[in-house]
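The structure appears below as structure tokens.
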Amino acid sequence: MEFLILIAVFGLMMWMMSRGAKKQRQAAAALRNSLEVGQQVMTASGFYGTIVDVDGDVITLESTPGVETMWKRESIHSVTEPPFAVVDEETAEDEDVTTVEVPDDASSLTRADEAVSTDERPGDESDERRA
């Protein structure tokens, strides 16, 4: 009699665990079937992007403007906002951008009153050890 109760308890536990997993699979399938162009998603590997095309089981994601990658529908993990600020091309043009002038050579970065020694190079001491 105790053996039948033990089997019934294990059977009930197995049924409850499989029922939870089935619900999770159904929710994931519903999410993947509801994907639309313009949604921001995260893949199972952690790649963030915006859906730009849905073609059957292939989803095209755009991570930065002009960079598109193709993914299987099953690799989409969730519809979510990225944890960083996304800069649109329109807003980037409106912002004030300060330009920094970068010299062609590094000689203009040193002060004129400092003497630049070219006699020793870093690593010369190792050259002495080899001799």
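Any read-out appearing in this document is the output of simple, stated calculations on the displayed coordinates, not a laboratory observation. This is a predicted model, so every value here is computed, not measured. Please note: Cβ atoms are built from the backbone with ideal geometry, for glycine as well, and neighbour counts cover all protein chains shown.
Worth a mention:
- Ordering of 66-76, 41-51, 6-16 by burial proxy (mean other Cβ atoms within 10 Å per residue, highest first): 41-51, 66-76, 6-16
- Based on Cα contacts under 8 Å between residues 6+ apart, the stretch 42-82 shows a relative contact order of 40 percent.
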